[in-house]
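The values are calculated or read from the model by the stated rules, or taken from the named source; none is laboratory data. The structure presented is a predicted model; accordingly, all values stated were derived computationally and were not measured. No Cβ is skipped: glycine too gets one built from the backbone with ideal geometry, and neighbour counts run over all protein chains shown.
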Amino acid sequence: MNEQSKSMGMKRQILGLTMLAVMALFALPLHVSAGMPQQTIEAYVNKVLDVLRNPALKGESAKEAKEEKIWSIFDDIFDYTELSKRTLSRNWNKFNGDQQKEFEDLFRKLLGNVYMDRILAYKDEKVLFHKESMLSDNKAEVQSKVLTGANEIPMDYRMIAKNDQWKVYDVIIEGVSMIKNYRSQFNNILSKKPPDELLKILRKKVDKS
Amino acid sequence: MKCLPSAVVILGVCLIISVFKMNPSSPLAWGEAWDPDSQKKGSSVVDESVPARMKTARATVDVVPSAAGEEEEEEEIVEIADPIYYWNKGMYHFNDKLYFWILKPVARGYRWTLPEGARKGVKNFFYNLAFPVRFVSCLLQAKGRAAAGELGRFVLNTTAGMFGLANPAKEHPALHPPDEDLGQTFGRWGVGNGFYVVWPFLGPSTLRDSVGLVGDSFLDPVRYVEPMEASIAITAGDTINETSFKIGDYEALKDAALDPYISIRDAYVQHRKKKVQE
């Protein structure tokens, strides 16, 4: 009787321990996706701010070094393929493979130059990330506010997850989506001119800056 | 039997209300989009506030090819009709020259003479003066909380804020509703944009928003200043003060755009759409 109850006790202990182990396994975050979009973009924005605030990189001589660093952050955070496809949308198929590649390259340069100019004009603004929402399984929107001395500018990022990495595919400033804005411009040009003309215009624009 | 007519009237009113309620943008949809305690993100891409018969804008449906080759969600861009394109383009060039030749140099000089703190005071003062416009539009859209917020902010800033020069209401999120105007009110009521129009001096607008501007001008205290030259001078001063904070923005927009005219037109429509939705 004693042995039986002893072995029963032991069995119960083992069962208890097993249950504890299984529960612990489920309690561990196996797939952390909540908060990832916001964490990702916040990290990159902070990286940019660090470069801008770095006392070692102040002054005209350090401008190139600053730009190089910021370019590499851009290349990490923007998904240029998504950007290109979404801004051309229906017109994407009008471009052949080489033209598509050139478009992506030129658009990257255009966007980078535009953002670089705005970022280098940075003085003291603070960026406040205040909301994150999932738009679908692999898309999210992260909302932020840029606080200048006189204004509060809402800046939202739309992000897409590819290969477990979150990248930005649209920036919405004061309700104006960058993708939609470029799409309407490209649409207008391509309704009258062939893809090569658009590439020519882009080439000229990028070379000017 | 005597109460039958009144019952019919009540029933009829209920039916009408229920029909309107199905249109989320009607004035009888009492739901307020703005909640000071939580931020609600903007809604979908499709312009629901435009009833079919009023839609003079073309909507293009774009199917975006994804990397995997399969078709992703369809994103609808609402283009605006631009029947007076040549007038608009002309006005765009006029305003462009006006900015670079007159407004920007004056604003720069002004910015150099007056420190930011003083300019912010002026900005706050004029913002406070525009209270009637925002307040009335909140009421017309049945946005009770926003109207209360506007009133609270006006009272606080006018008294504790020294006639609007300071902005003590900044600390209270409940006293910071989204700006409303008559153009947005019409949008809420289901009026479509109409078509795009660029006014000299005033800049981009639409048929709907222009009518809104006229209506709002009756609620603008500066309009009633005598003589008329003083009224215009005050408005000009307000414009120069506002511009002093935004020097560089217009240039950046032109820099970023392949076609600035289209870019501004599209940005204006998107921006107003968002404001109507808030």
>> So residue B:229 passes all but one of these: (1) surrounded by fewer than 13 Cβ atoms within 10 Å (Cβ to Cβ); (2) part of a loop (DSSP other than H, G, I, E, B). Which condition number does it fail?
In response: (2)
>> Quick check on my filter: what residues within segment A:166-208 are within 24 Å of the chain's Cα centre (by Cα), small (Gly, Ala, Ser) and not in a helix (DSSP H, G or I)?
In response: A:175, A:177
> Where in segment B:97-153 are the helices (runs of 4 or more DSSP H), entirely inside, with at least 1 residues that are touching a Gly at 6+ places or on another chain (Cβ under 7 Å)?
Replying inline: B:116-129
> Being in contact with a Pro (Cβ under 6 Å, 6 or more places away or on another chain) and surrounded by 15 or more Cβ atoms within 10 Å (Cβ to Cβ), is that true of even one residue in segment B:200-210?
Replying inline: no
> Under 8 Å by Cβ, and 6 or more places apart or on different chains, what pairs join a residue from segment B:213-230 that is aromatic (Phe, Trp, Tyr) with one that is surrounded by 12 or more Cβ atoms within 10 Å (Cβ to Cβ)?
Replying inline: B:224/B:231
> What tally of residues in segment A:68-106 results from selecting those that are under 13 Å from the mean Cα position of the chain (by Cα), without any contact (Cβ under 8 Å) to a residue 40 or more places away in the chain and within 12 Å of another protein chain (Cβ to nearest Cβ)?
Replying inline: 2
> What residue, among those in segment B:111-148 that are in contact with a Lys or Arg (Cβ under 8 Å, 6 or more places away or on another chain) and within 14 Å of chain A (Cβ to nearest Cβ), is surrounded by the most Cβ atoms within 10 Å (Cβ to Cβ)?
Replying inline: B:119
>> With the requirement that a residue be within 28 Å of residue A:200 (Cα to Cα), facing chain A (nearest Cβ under 7 Å) and either of a type in the set (A, V, I, L, M, F, W, C) or in contact with a Leu (Cβ under 9 Å, 6 or more places away or on another chain) (or both), what does segment B:237-278 give you?
In response: B:252, B:256, B:257, B:258, B:262, B:263, B:267
>> Would you confirm whether or not segment A:114-132 contains a residue that is of a type in the set (A, V, I, L, M, F, W, C), within 11 Å of another protein chain (Cβ to nearest Cβ), under 18 Å from residue B:267 (Cβ atoms) and surrounded by 14 or more Cβ atoms within 10 Å (Cβ to Cβ)?
In response: yes
> What number of residues within segment B:181-225 are more than 14 Å from the chain's Cα centre (by Cα), in a helix (DSSP H, G or I) and charged (D, E, K, R)?
Replying inline: 1
> Looking at A:4, A:100, which is the one that is polar (S, T, N, Q) and modelled with pLDDT of 90 or more?
Replying inline: A:100
> If only one of A:189, A:160 is aliphatic (A, V, I, L, M), at the interface with chain B (Cβ under 10 Å from one of its Cβ atoms) and either surrounded by fewer than 15 Cβ atoms within 10 Å (Cβ to Cβ) or without any contact (Cβ under 8 Å) to a residue 40 or more places away in the chain (or both), which one is it?
Replying inline: A:189
